[in-house]
Every structure is written in C-alpha cells, then in structure tokens.
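Novice: Mind having a look at this structure? Questions to follow.
Read-outs: derived from the displayed coordinates by stated rules, not from any lab. Note that the coordinates shown come from a computational prediction; the quantities given were computed from them, not determined experimentally. Cβ sites come from the backbone with ideal geometry, for glycine too, and all protein chains shown count toward neighbours.
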Amino acid sequence: MTATHCPYCALQCAMTLTPSAGDTPVEIAGRDFPTNRGGLCRKGWTAAELLNHPERLSSPLIRGDDGALRPASWEEALERVASGIRTVQDRHGRDGVGVFGSGGLSNEKAYLLGKFARVALRTSRIDYNGRFCMSSAAAAGNRAFGLDRGLPFPLADLDTADTVLLLGSNVAETMPPFVQHLAGARAAGGLIVVDPRRSPTALLTEDGAGTHLAPAPKTDLILLLGLAHILVNRGWLDDSYLAARTSGVESVIRSVAAWWPERVQAATGVPADVLVRTARRLADSARTGSCYILTGRGVEQHSDGTDTATAAINLALLLGLPGSARGGYGTLTGQGNGQGGREHGQKSDQLPGYRKITDPAARAHLATVWGVREEEIPGPGVPAVELLSTLGLPGGVHALLVHGANPAVSAPDAAAVREGLDRLDLLVVCDFFPSETARQADVVLPVLQWAEEEGTMTNLEGRVLRRRRALRPPEGARSELWVLHRLAALLGVPGGFPTEPREAFEELRRASAGGLADYSGISYELLDSGAEVHWPYPAGGGGTPRLFRERFAHPDGRARLVAVRPAVIPDGAAALGRDEFHLATGRLLEHYQSGAQTRRVTALLEAQPEPRLQIHPASAARLGIMDGAPVRVRRSGTGPFAPRLLCRAEVTTFIRLDTVFAPFHFADGASANQVTEAVTDPVSGMPEFKTTRVRIEPVAASSEGVTG
Ligand SMILES: Nc1nc2c(c(=O)[nH]1)N[C@H]1C(S)=C(S)[C@@H](COP(=O)(O)OP(=O)(O)OC[C@H]3O[C@@H](n4cnc5c(=O)[nH]c(N)nc54)[C@H](O)[C@@H]3O)O[C@H]1N2
Ligand SMILES: Nc1nc2c(c(=O)[nH]1)N[C@H]1C(S)=C(S)[C@@H](COP(=O)(O)OP(=O)(O)OC[C@H]3O[C@@H](n4cnc5c(=O)[nH]c(N)nc54)[C@H](O)[C@@H]3O)O[C@H]1N2
Ligand code: SF4
Ligand SMILES: [Mo]
C-alpha cells in the first residue's frame, strides 16, 4: 500500500494505492489528511483508470514526411528535438525557442524545467499555464502582503469561522472535500457566496446557511468597493489594526467614498439592503467571531482581476483580518501544484525561491547554484498569452516545448493558438496522453504519471507533501527529469540536470534558500516523517503554517492597502447590446481542465459527455431555444467565419438573465475557448476567461451537428 495524493487539484487529497488484480492496476482509497479528512471527489476515486488506459502513450512519436505521427526510438526523437532547437536558435537566436510549463508539475520538474530554459536553452521565453490560473491573485498578494501564498493559514482554520465570504469560487464542484471546512460558517448562517450563477456552492447557502449574492459578471470590484464604503461610513473599521499593521488606508477610504449602496446596486444588481447586511455580518464576525474572505477564478480571471483581488484584500485589511487570529484572506489555488509551480522559476520574470529575475542578488545566487556566469542567465521573458500570440511569427517563438499543459484547448482564443502551433518549426509535447496539443506536435515524448514517480507538491495551503511511486512505469515511457537531462546533454550541457527527484529537490533547497519561498529546511526525510511542513521553512528553522502573524513581508512589515478603481463603470444591463449575453466559463465536477485526462475516464465522460450552455428560461424563450437544443455561441462583433462554440442548451433558472455559462473541458468545436478573447489583465497577464460578450443562435437540427 502506498500513501500518496490525488493527481488533480490543489486540495491534494490524500489517498492510498493498493495493488489490484482488477481492471485498474491499483485501488484507490481516501486517507486522512487535514484538507480532505479521508474524502475524495469523483475524479480522485476514478483516477486509477488512466494508469493503464489503452490510449496511454508508450513510445515517442515523430511526425513523418507523410504528415502523420509515427512511433520512434527515444534516441531518434531526442536527436530530432535537439537538432530542431539548434536550427531554430541558429536562425532566430536563443529566444526563438519557448517553454510552456505547468502548475501540474511536481516541484522537482518545475524547478528543473525553469533551469533547463535558462541554462540549457538560455532562452527568456518561458512561462506556464499558471498564468491562466493564479497570476492575478498572486500579483495582488505580492502587492499587498509582499508575498504570495494562496492560503496563508491551514485550511482547517476555516472550520471555526462563523463567516466566510467566498467570491467567484465553486468549491462544491471544484474541490468537493473542501465543503466540510465550511460547516461551521453554514451552521452559523454565515456562508456568503458571490457568483452570477446559483452554483452548487451557492446552493450551500440555502436553508438559513447564508446568503447568495448574484452580481452581474465582472462587477465584483464595484461590489467590494461598495462593501468597503459601508464599513467606512458606519465606522466598522478595525482602526487599531490599520494603524499598527498597514499603510495606505487613507487613499482607500477616499477611493470608496463614491460607492454608496444604491449606486453599487445599480451597477451590480445586488440590492442595497443585502449589501448593508453583508457588511454588517462581516464587521460583527471580524470583531467578535472568526471571518474569512476567499477568492476564486470567478473574480480573478478578468482584465481587472488583480484589482478585484486587491479590493478583496483591502476589505479584509479594513476588517483587521490578515495575519490575525480572527480570520484572514486567501485565494484558492487550483492546480495540483499550482502553488509550488509558481515558486520555482517557471514564470517569465522569476527565479527559484520566488525571486525576481531582474534582482541582481537573486541572479548572483542562482548563478552560484547553477554554476554559470550571472550574465548568462537571460532576463525576463513574456507572459503566457503574449508568448502564445508570437508563435511562428517574426520576432516570436519558432520552437515550443510543452510540459503539462494543453493550450490548444485551454488557452483563450484557442483557435488562434492552434494556428500558431501549426506555424511552428518545432512543437515538442511531453505528455502521457495524445492531448489536442500533442496531436499537433512534431515530437511527442511519453512521460510518467503521478503514481509512477516520486516527487513533492505544494498544496493550496503552502503545505509541501510527498507524491510516491506505487507502480512500475510502462515500457517506453520515461521520466520528465530524464528527458531534460538527456536533452541538456544533447545541447552541450551535460551536467546539472539530475534524474533522481530527491537529488533535484536537494538542489531546489539550495536554490530557494534565502528567497521568499524558502524550502531549504525541507527534506524528503522530513516529509516522510509525517511532519506538517508549510513554507517558508528555512534551514535550521521551522515551517510557517500561519503567515503574517508578526509582520507582513514588505520591508516595513506592513500590509499595503492599494486604492483600486473600476476601469469601466457598467450601467447595469445597458452594458450589453440587445440579444447579447455575458459568457462565463468554468468547471464541472466530473472534468479536469482541458479534459485531456478526465474525458478518458469512462464514468466521468458518461456523466458529462459534452458541454451544455446554461441559459435562463426567459432568455431561451426569447431566442426560441428549448432545453437540450443545439445552439451556436459566437463572440459579439465577429464575422461569419469566426470560431464558434457549438453545444446544447441547458435551460435553468440558476443563472442570471444576462449571463450564460459553459464549461471549458471539451475540445474542437465544443471548446468554450473558441469564443473567449485573448484579453489580459495589465498587471498580471491573466486572461479574461470569465466574461466574453456573446450572441447565441439556435441551430437548426439539420444544419450542423453537435459534437461532444
Ligand atoms: N472539477 C474540477 N475541479 C477543479 C478543476 C477542474 O478543471 N475541474 N480545476 C482546478 C483549477 S486549476 C482551478 S483554477 C480551480 C478553479 O476553481 P473555481 O474558481 O471554483 O472554478 P470556476 O468554475 O473556474 O469558477 C468559479 C465560479 O466563478 C463564477 N463566475 C464566473 N464569472 C464570475 C464573475 O464575474 N464574478 C463572480 N463572483 N463569479 C463568477 C462561475 O459561475 C463559477 O461558478 O478548480 C480546480 N479544481
Ligand atoms: N475558458 C476557460 N479556459 C480556461 C479556464 C477557465 O476557467 N475558462 N481556466 C484556466 C485555468 S485556471 C487553468 S489552470 C488552465 C489549465 O489548462 P491546461 O494547461 O490545458 O491543463 P490540463 O488540462 O490539466 O493539461 C495538462 C496536460 O498535461 C498532462 N500532464 C499532467 N501531468 C503532467 C506531468 O507531470 N508532465 C507532463 N509532461 N504532462 C502532464 C495532461 O495529460 C494534460 O494533457 O486552463 C485555463 N483555461
Ligand atoms: S478534490 Fe481535488 S485533490 Fe481531492 S479528490 Fe477531487 S480532484 Fe483530487
Ligand atoms: Mo487553474
């Protein structure tokens, strides 16, 4: 029996794997752990089916002259990659090669991938799918606290909360075992869910358990300014905390002055009296109980996501919560290693230990650890959406290495990304399944799955944990560390790329030492001893389950309130043209991300075989759309040949009249990212997945099929 963790989301539910003689090589059982307490969701329970799946890649593939992918030896495939990289770099310079990483990679892989880009490829062009996921909340956290760790406290602290304000997060589907940590707040009637949909999480507020606020999409910033306005006006601020622990409060007080409740009601649709009641609840709880404010992708994946997360942090600071024993602010990290993945150097502007690549001291430290000259380390690159927009174009990237992402499905304006991937001289994809991105590749390299290798992950609480090997990998697949090691050697960098995860972790410890995300006191032995390990964990010190208790991470020790303002002030429904809707995209319980994994699990695909567009009955009736009927969704203002999302309608009262919702887990014409736009937040580079203006048409049954 092997004790490990789920391959999917950032809750990193603990599980045991027991060898099995049945259809799957192991049997999965939940294991007691602070985040899941033995519980697993449907994705976790069924994860073993992918280990011996018939579509599992077991040999490298190379695109032949006939245009088809054919099996090849590792030697031939790696030589093809290395020579392709050399050709592109000769022609276009070092930055002609790009790397696209992932918050799904273990800490060891993420670290060595960043090092591979900077030391073996010497390219600045590396970024990762976490840019789609955590970048706005990370930017806001860095700005306010001087440090970004999703939850600066253990998840179990939520258990004692009597009030939890959950903005743009649907944990009932995205992290089902999380819901048990909301039991206290629900029992106290204090779960407040902010979501334009009556999502399964919003339903948890029913029967006296709390309140559901359903603002128009992308009006959360105004909603938060409105709540802050009420706190200020009623004198419900924690003045002594603000004086002792923060700076910038005056400018925030001024900036919320104009957001009186009736004005906020007009912009968001949330009634003024509900706003006042919500503010009172937060203030009472912060004073006498325990109050948490949490954000998810619903408020972060907008072009103003950093400012919206900042407004949520400001609200928490006005209430005196961050770093106190009476509550806090946190963002719910998404991918399995979404936290660790953003600490070890996959970000275009970052070096390991959450260091800035422009900081001379950081560069000098890494130059020593890596045994290179400081000036050999490239400068900052460009964030993911920009990187993907340059594929195959002059001055852009002409070869791309993809590790742990499926941007052909998950990137905004995915059809344009697929065209860019086609323009590349060389696309190399490491995966264990023929994902949509892998299908476009010139070389596909089959790597190991979670239960076949050792490693560490860092969950949404900044808790570092061990992933353990329970199975022998299939013949033909190789570990990603081995791939990087071999490729580096072929590129003339024979040393410095260990193939053993433990050795990679030892180097990561040194690389992170002294950085914000300091792992230097953590070892495999420590993790295996069952110790609770939260970073920062400096050598010779201890871990940090609760951050900011004494001071924030800015040099003056204070948290910064930063005044933020909405860029555009929507005028209620008038912001939309006639027959226009806000398309919000997001998740279903059964599928994970681009669906590359979960669309291959029988029970999950049977439960959710295709996307459905949630639309309100009144809107559907106006457009002549019946429940279950095929519809075509197109971005407003696009021409007749622009990409469309084709799916069936799900007519439901659980959504606002002006909003429709589609999951993004499906491919090709059923991909929601056919319609989303590559618009990004100016601070973080986070794409706006959560609002696109669309028009919807019923599809005559005979004119076009609906794909699943
Ligand atoms: N089942 C499942 N679980 C997952 C994942 C998965 O793919 N599938 N992925 C993991 C990852 S990487 C992530 S990042 C997390 C994401 O976890 P969540 O953030 O919980 O997931 P989403 O469905 O993207 O968005 C949450 C909610 O935001 C709402 N929303 C949309 N627009 C707005 C808005 O303008 N304002 C507000 N207030 N709400 C809005 C949507 O209606 C939706 O219910 O989930 C993780 N867990
Ligand atoms: N419209 C819309 N689009 C979105 C979002 C949204 O809410 N709406 N959410 C965004 C968010 S938050 C995220 S996080 C992204 C994620 O989107 P993607 O980056 O596409 O994520 P996955 O589908 O998890 O893709 C992971 C791929 O890597 C493979 N893989 C898994 N583990 C490993 C590994 O260790 N090594 C290697 N080499 N491969 C591995 C899997 O088989 C899979 O093919 O999608 C974003 N896209
Ligand atoms: S909640 Fe996340 S970590 Fe837990 S079982 Fe489900 S997918 Fe896995
Ligand atoms: Mo994510």
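Novice: Counting Lys +1, Arg +1, Asp -1, Glu -1, what net charge surrounds GLN350 among other residues with beta carbon under 14 Å of its beta carbon?
Specialist: On the way: positive: LYS115, ARG118, ARG125, ARG131, ARG342, LYS347, ARG355, LYS356, ARG363; negative: ASP127, ASP148, GLU343, ASP349, ASP359.
It works out to a net charge of +4.
Novice: Once you sort the root eigenvalues of the Cα gyration tensor of segment 20-108 as a ≥ b ≥ c, which label holds: rounded (a/c under 1.5), prolate (a/b larger than b/c) or oblate (the other case)? Kindly include the intermediate steps, with their values, before the conclusion.
Specialist: On the way: a/c = 3.92, a/b = 1.85, b/c = 2.12.
In terms of gyration-tensor shape, oblate.
Novice: Right, here's the next one. Cβ under 14 Å from GLY30's Cβ, GLY30 left aside: what net charge do those residues give with Lys, Arg +1 and Asp, Glu -1?
Specialist: Summing Lys and Arg as +1 and Asp and Glu as -1 gives +2.
Novice: Using θ = phi - 60° and the Karplus form 6.51 cos²θ - 1.76 cosθ + 1.60, what ³J(HN,Hα) does each residue of segment 47-57 get, whole Hz, x for Gly and Pro?
Specialist: Computed from phi, the couplings for segment 47-57 are 5, 5, 4, 7, 5, 10, 5, x, 8, 3, 6 Hz.
Novice: If you take every residue apart from GLN608 with its C-beta less than 15 Å away from the C-beta of GLN608, what net charge results, scoring Lys and Arg +1 and Asp and Glu -1?
Specialist: +2
Novice: Tabulate in residue order the Karplus-calculated ³J(HN,Hα) for segment 240-248, using 6.51 cos²θ - 1.76 cosθ + 1.60 with θ = phi - 60°, rounded to whole Hz; enter x for Gly and Pro.
Specialist: Along segment 240-248, the couplings run 5, 4, 4, 5, 7, 10, 10, 9, x Hz.
Novice: 5 Å is the cut-off here: which amide hydrogens, built 1.01 Å from N in the peptide plane, fall below it relative to LEU613, excluding neighbours closer than 5 in sequence?
Specialist: Distant-sequence amide H within range of LEU613: ARG648, ALA649, GLU650.
Novice: Do any GluC sites (Glu not before Pro) in segment 1-92 lie in a DSSP loop with no more than 16 other beta carbon atoms within 10 Å, and if so, which?
Specialist: Taking segment 1-92 and a limit of 16 other Cβ atoms within 10 Å, the loop GluC sites (Glu not before Pro) found are GLU55.
Novice: Still on this structure: How long is the chain along each principal axis, judged by its Cα atoms, biggest number first, in Å?
Specialist: Principal axes ranked by extent give 70, 69, 54 Å for the Cα atoms.
Novice: Considering amide H positions built from the backbone, and no H for Pro or chain starts, which residues 5 or more places from MET15, or on another chain, come under 5 Å of its amide H?
Specialist: Counting only residues 5 or more places away or on other chains, the set is THR4, HIS5, CYS6, ARG31.
Novice: Using alpha-carbon positions, what is the distance between the centroids of segment 494-512 and segment 634-675, in Å?
Specialist: Using only Cα atoms to place each centre, the spacing works out to 44 Å.
Novice: Something else about it: Once you wrap a convex hull around the alpha carbon atoms of segment 207-274, what is its projected area averaged over all directions, in nm²?
Specialist: Taking the Cα atoms of segment 207-274, their convex hull projects to 5.7 nm² on average.
Novice: Still on this model: Apply the a/c threshold of 1.5 to the C-alpha gyration tensor of segment 366-487 and tell me whether it is rounded, prolate or oblate. Show your work: numbers first, answer last.
Specialist: Details: a/c = 1.68, a/b = 1.21, b/c = 1.38.
Judged from the Cα gyration tensor, segment 366-487 comes out oblate (a/c at least 1.5, b/c at or above a/b).
Novice: In addition: Report Rg/Rh for segment 173-287, rounded to two decimals, where Rg is the Cα radius of gyration and Rh the Kirkwood radius.
Specialist: Details: Rg = 15.2 Å, Rh = 15.2 Å.
Computed over Cα atoms, the ratio is 1.00.
Novice: With a ≥ b ≥ c the root eigenvalues of the C-alpha gyration tensor of segment 489-561, is it rounded (a/c under 1.5), prolate (a/b larger than b/c) or oblate?
Specialist: Cα axes put segment 489-561 in the oblate bin.
Novice: Moving on. Using θ = phi - 60° and the Karplus curve 6.51 cos²θ - 1.76 cosθ + 1.60, what whole-Hz ³J(HN,Hα) does each residue of segment 605-619 get, with Gly and Pro shown as x?
Specialist: 5, 5, 5, 9, x, 7, x, 10, 8, 6, 9, 5, x, 5, 5
Novice: Given the C-alpha centroids of segment 1-33 and segment 193-252, what is the distance between them in whole angstrom?
Specialist: So the two Cα centres are separated by 38 Å.
Novice: Quick one: the Cα spread of segment 537-675 along its three principal axes, in angstroms, biggest first?
Specialist: 65, 45, 31
Novice: Another one. 5 Å is the cut-off here: which amide hydrogens, built 1.01 Å from N in the peptide plane, fall below it relative to SER671, excluding neighbours closer than 5 in sequence?
Specialist: The answer is LEU646.
Novice: Considering only DSSP beta bridges with both partners in the chain, what is the antiparallel share in %, to the nearest 5?
Specialist: Approximately 45 percent, going by the DSSP bridge assignments.
Novice: Using only helices, what value at 222 nm comes out for the chain when you add -39,500 (n - 2.57) per DSSP H run of length 4 or more and divide by the total residues, to the nearest 500 deg cm²/dmol?
Specialist: Mean residue ellipticity, 222 nm, calculated: -8000 deg cm²/dmol.
Novice: Among all stretches of the chain without exposed trypsin sites (Lys or Arg not before Pro) (DSSP loop, at most 10 other Cβ atoms within 10 Å), which one is longest? Mind dumping the intermediate values first?
Specialist: Working: sites that count: ARG373, ARG578.
Of all site-free stretches, the longest is 1-372.
Novice: Normalised radius of gyration for segment 234-344, please: alpha carbon Rg relative to 2.2 N^0.38 Å, two decimal places.
Specialist: Rg over 2.2 N^0.38 Å, computed on Cα atoms: 1.16.
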